[in-house]
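The values are calculated or read from the model by the stated rules, or taken from the named source; none is laboratory data. Note that the structure is a prediction, hence the values are computed from the model and not measured. Reconstructed Cβ throughout: ideal geometry from the backbone, glycine too, with neighbour counts over all protein chains shown.
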Amino acid sequence: MDLHYLDGKRTVPIPCLSEQEIRAVSSYLFFPDDPLVAEYTIVLGISLASRPVERAVDLYRRGLSGRLIFTGGYNHRSRATEAELMAAEARRLNIDSKMFLCECTATNTYENFLNALALVGQEVSSVNALNFVAIDYHARRSLLTARSLLPPNVLIGKAGYQSVYFDSENWSRSSRGRFDVLNELSKVFHYFPDTIPSALKSLSERALVMGSQHRSPNAFSQREMP
């Protein structure tokens, strides 16, 4: 086991990983971008708002994004809503405010997509394609969540961006990378267990134990919290 220090207050044991497990995790969680020519692009917020916005603006300037939907509620680190921070960054990059919507209440991935789609409203039934923008190791759960909420005829494109701390090639070499990626794997395993490859079932169970030591006791109390 290794140790990951969390906010300087708590240490969380991180499972040891075999080379085979590292390759399997990388293959499952990190997968190639495939953005589409879409009517809407849902942009999931993080503390560092410039990262997802830069990716979304790239899609917009390439004629792929359609209308952007920035989604994310209050972020205690930033002391502002993630959606508003992203909107400000988009305006700084000269994106017309008419080309994006803001969803400022979501507190988790499920709500990101549910609330963003509520802004689209009944028009979602006539949408042909929708993109989402998310940090790369979170893209698998984002895709699964979007698929669970969208009509089956709607195509979904993915546009990711790297963490500032690690990427798909070196995440296993640092405690921060291992913790973030395995914590994400544990969440996919909790909400979408049938999607986990058989080669990752055992590690996913170990990651779930690791994650439970970080999350509050009721973190999984609501079904709608992927």
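Free of Cβ contacts under 8 Å to residues at least 12 places away in the same chain, more than 24 Å from residue 107 (Cβ to Cβ) and not polar (S, T, N, Q): does that describe residue 173?
For residue 173, the condition - free of Cβ contacts under 8 Å to residues at least 12 places away in the same chain, more than 24 Å from residue 107 (Cβ to Cβ) and not polar (S, T, N, Q) - is met.
Residues of the range 142-155 being buried (at least 16 other Cβ atoms within 10 Å of the Cβ) and without any contact (Cβ under 8 Å) to a residue 60 or more places away in the chain, which ones?
Within the range 142-155, 143, 150, 154 qualify.
Looking for something surrounded by fewer than 18 Cβ atoms within 10 Å (Cβ to Cβ), closer than 17 Å to residue 106 by Cα and not aliphatic (A, V, I, L, M) - is there at least one such residue anywhere in the range 123-141?
No; the residues of the range 123-141 include none that is surrounded by fewer than 18 Cβ atoms within 10 Å (Cβ to Cβ), closer than 17 Å to residue 106 by Cα and not aliphatic (A, V, I, L, M).
Quickly run through the range 151-161 and pick out the residues that are under 16 Å from residue 43 (Cβ atoms) and either more than 14 Å from the chain's Cα centre (by Cα) or β-branched (Val, Ile, Thr) (or both).
156, the sole residue that qualifies.
Give the residues of the range 134-156 that are under 15 Å from residue 52 (Cα atoms) and either touching a Leu at 6+ places or on another chain (Cβ under 6 Å) or among the hydrophobic types (A, V, I, L, M, F, W, C) (or both), sorted by residue number.
Across the range 134-156, the qualifying residues are 134, 135, 137, 139.
Looking at 55, 79, 51, which is the one that is more than 19 Å from residue 166 (Cβ to Cβ) and not assigned by TED's automatic domain parsing to the domain that holds residue 186?
The unique qualifying residue is 79.
Taking residue 160 as meeting all but one of (1) at pLDDT 95 or above; (2) part of a helix (DSSP H, G or I), write down the number of the exception.
Evaluating residue 160 over (1) at pLDDT 95 or above; (2) part of a helix (DSSP H, G or I) leaves (2) as the failure.
Output the residues belonging to the range 25-45 that are buried (at least 18 other Cβ atoms within 10 Å of the Cβ) and among the aliphatic types (A, V, I, L, M).
Those that are buried (at least 18 other Cβ atoms within 10 Å of the Cβ) and among the aliphatic types (A, V, I, L, M): 25, 29, 36, 38, 42, 43, 44.
Residues are listed down the side, and each one gets a yes or a no for (1) under 29 Å from residue 117 (Cβ atoms); (2) over 15 Å from the mean Cα position of the chain (by Cα); (3) modelled with pLDDT of 95 or more:
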| position | (1), (2), (3) |
| --- | --- |
| 3 | no, yes, no |
| 10 | no, yes, no |
| 14 | no, yes, no |
| 20 | no, yes, yes |
| 25 | no, yes, yes |
| 54 | yes, yes, yes |
| 63 | yes, yes, yes |
| 69 | yes, no, yes |
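In the range 143-157, how many residues are part of a loop (DSSP other than H, G, I, E, B) and touching a helix residue (DSSP H, G or I) at 6+ places or on another chain (Cβ under 6 Å)?
Selection size over the range 143-157: 0.
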